[in-house]
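Data block below; observations after.
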Amino acid sequence: MNSLSKAAKMSISSLASTYGIKNVNLLRTQGFIDGKWVGDSTSTFDVTNPATDDLLLKVSNLTVDDAHKAIKSSSDAFKSFKTTTARYRADILNKMYHLLMDNVDDLAIICSLENGKPVADSAGEVKYAASFYQWFGEEAQRLTGDVIPSNIPSNRIITVKQPVGVVGILTPWNFPLAMISRKVGAAIATGCTAVVKPASETPLSALAMAYLAHEAGLPKGVFNILPVDHATTKSIGELFCEDDTIKKVSFTGSTGVGSVLMTQSAKTLKKLSFELGGNAPFIVFEDADIDKAVEGALISKLRQSGQTCVCANRLYIHESIYDEFTEKLVAKVKKCKLGNGLTEGTTHGPLVHSRAVDKVQQHVKDCLDKGATLLLGGKVRTDLGPNFHDLTVIGDVTQEMAVAHEETFGPLVPLIKFSSEEQVLEWANDTEFGLAGYFFTNNYSRIFRLGEQIECGMVGINTGAISEAAVPFGGIKHSGFGREGSKYGVNDYINIKTMVIGGL
Ligand code: SIN
C-alpha cells in the first residue's frame, strides 16, 4: 500500500477546512483496490471545480496494470462473495445506505465541488444514490427461482438465480454517486463483485463512496475503484470489454462510446447493459394543466442545468396554449439563479466544461440563424465563471432545427408549436433515441394511447420528474438496453440456472 504524501495530506485538509467538510476521511486521492488505497503522487490528474476551474485535488492516475490487479482482486473475492447469504448482503447494503445518509452534507459538498451542481441538488443526489443501496438490499432477499411443471412425468424442473461474476462498471460525471450505486447496489445484491471506473471529472465522490462501503464491512475486492485520466479511460473500457474474467459491463454515457464498447465485447460475449444518449420530447396538449406543465418543464428540462440523460430536449406546445405557456415559463425561468453551486440561493450551476458550453451555443445559433426567436438568455456567461451558460428560452423553433434532433445537454429550452396529436407523435418519434419522453394532458384515453405509442423506455405523464429507485430506468433504440433500479435492475447481474431432476 502506498501511503499518502505530505503534500496530498495537506491539500486534503485544506480543502476540508475551506469548504467545511467534517468527515475528512471521505476525501481520497488514491484508488481503491483489494481493500487498500493505491496509487501515488508521481502520476496524478487534476480534479477541478467547473464553476471556477480551480484545482480541488490531484488524484492518482491508475494504470491498465492496476486495472488487471483490480479484476484479479474482484475475481478472487467473487469465489467467496457468491456464497454469502442474501441476508448478509442485504445487511451490508443497508449499512451503506445509512452511512451515505449520515454523511449527506459532506458528500453533497464534495459532489458540488467536482460536478458544479447546486448543493441542494447534490444533497438530493446523495439521497437518490443511497436509495439504490436500500432498494437493492430489499431486492437481495427476493431473488427467488421457479418450480416449472415438466411434460415428462418423472422429471421436475427448477431454476435458481446465480450471480454472473465480476462486473466492469463505467460511470458518468453528471451523477457521480447515483450512477455508481444504481449499478453496484444490484451487483452486491446478487453476489457479484465490481470494478468501477468513475468519470475522470468526478472521481472524488466515487472514492468517498468506496470509503463508506469499506466502513460498512464490504469484503475486500468486492468494490474496487479505478480513478484514471481521460487519456487512460479508453484503454480501461477496452480492457473491461475484452477481458474474459469480466462477465458483464454496465455503462452510462454516450451512444457513440456504447457502440464502441459493444464491438469490443464481441469476442467475450459478455452481458451488457447500456444507458446511452436521449432526445426526450416534452409535449403539452391543449387540455393540460398549464401551471403543472410549466413546473414540469422547468424540472425536466433544467434539472442540473440540462445535463441529465432524461432531460427534456425539445418542447412541443399546442398552438392554442403556446402563448400562455411561453409567458409563464419565461417568468419562472427568470426567477432561477445561475451561479456557483456552493453559493447560497443558487438554483442552477455551471456546465461541466467548455465543450458543453460550446454545444449549447451551437444550438442557440442554429435556432436563431434559422429564424427562431430568442425569449430569454442566449449568452455564454464568462462574468460568472469559465463554464456558465444562460438559462435560455427560444420560441418559434421548428422541426428543421438541430435541437429537434440532437441532444443539447445544456440549459436551452426550445419551444415548438404543434397543431394535432398525430403530428406531434410523428415528430416525437422522429429520432433514433428513445430514453425518456414526457407529455401533459387531462384526456385519459390520450394518456394510454400516447403512453403506449411514444417510442421511449420511460414516459412521464403530467410530471417532469420520473427518477426514483422503484423505476425501471433505461431506454430503447439508440438509447441503450437493460433496466436499472426497480425489480428488473438485478436481471443483468444474474444467470438463470436450470436444474432438471429426472427419474422420480
Ligand atoms: C442520467 O442522466 O443518466 C440519470 C438521470 C437519472 O437517474 O435521473
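The values are calculated or read from the model by the stated rules, or taken from the named source; none is laboratory data. The structure displayed is predicted, hence computed values, not measured ones. Note that each Cβ is placed from the backbone with ideal geometry, even for glycine, and that neighbours are counted across all protein chains shown. The accessibility values were calculated without ligands, DNA or RNA, using every heavy atom of the protein model including side chains. Shrake-Rupley method; radii C 1.70, N 1.55, O 1.52, S 1.80 Å.
Data table
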{"item": "Qualifying position, being modelled with pLDDT of 95 or more, in a strand (DSSP E or B), away from the ligand (no atom under 16 Å from the Cβ) and open to solvent by 20 Å² or more (accessible area, probe 1.4 Å), among 375, 368", "result": "375"}
{"item": "Counted residues, region 134-145 - those being open to solvent by 10 Å² or more (accessible area, probe 1.4 Å) and within 18 Å of the chain's Cα centre (by Cα)", "result": "2"}
{"item": "Residue identified as modelled with pLDDT under 95 and open to solvent by 10 Å² or more (accessible area, probe 1.4 Å) among 40, 105", "result": "40"}
{"item": "Only listed residue being farther than 30 Å from residue 242 by Cα, free of Cβ contacts under 8 Å to residues at least 60 places away in the same chain and among the hydrophobic types (A, V, I, L, M, F, W, C), chosen from 123, 90", "result": "123"}
{"item": "All positions within region 171-196 that are within 16 Å of the ligand (Cβ to nearest atom) and not in a loop (DSSP other than H, G, I, E, B)", "result": "178, 179, 180, 181, 182, 183, 184, 185, 186, 196"}
{"item": "Residue within region 488-495 that is under 13 Å from residue 429 (Cα atoms), buried (at least 19 other Cβ atoms within 10 Å of the Cβ) and within 16 Å of the ligand (Cβ to nearest atom) present", "result": "no"}
{"item": "Failed condition for residue 409, given (1) open to solvent by 50 Å² or more (accessible area, probe 1.4 Å); (2) part of a loop (DSSP other than H, G, I, E, B); (3) among the aromatic types (Phe, Trp, Tyr)", "result": "(1)"}
{"item": "Boolean, residue 388 is in contact with a helix residue (DSSP H, G or I) (Cβ under 9 Å, 6 or more places away or on another chain), open to solvent by less than 10 Å² (accessible area, probe 1.4 Å), modelled with pLDDT of 95 or more and farther than 20 Å from residue 308 by Cβ", "result": "no"}
{"item": "Candidates 146, 102, filtered to the one that is away from the ligand (no atom under 16 Å from the Cβ), among the acidic types (Asp, Glu) and either in contact (Cβ under 8 Å) with a residue 12 or more places away in the chain or touching a Lys or Arg at 6+ places or on another chain (Cβ under 7 Å) (or both)", "result": "146"}
{"item": "Yes/no for residue 131 being surrounded by fewer than 24 Cβ atoms within 10 Å (Cβ to Cβ) and either within 16 Å of the ligand (Cβ to nearest atom) or at positive phi (or both)", "result": "yes"}
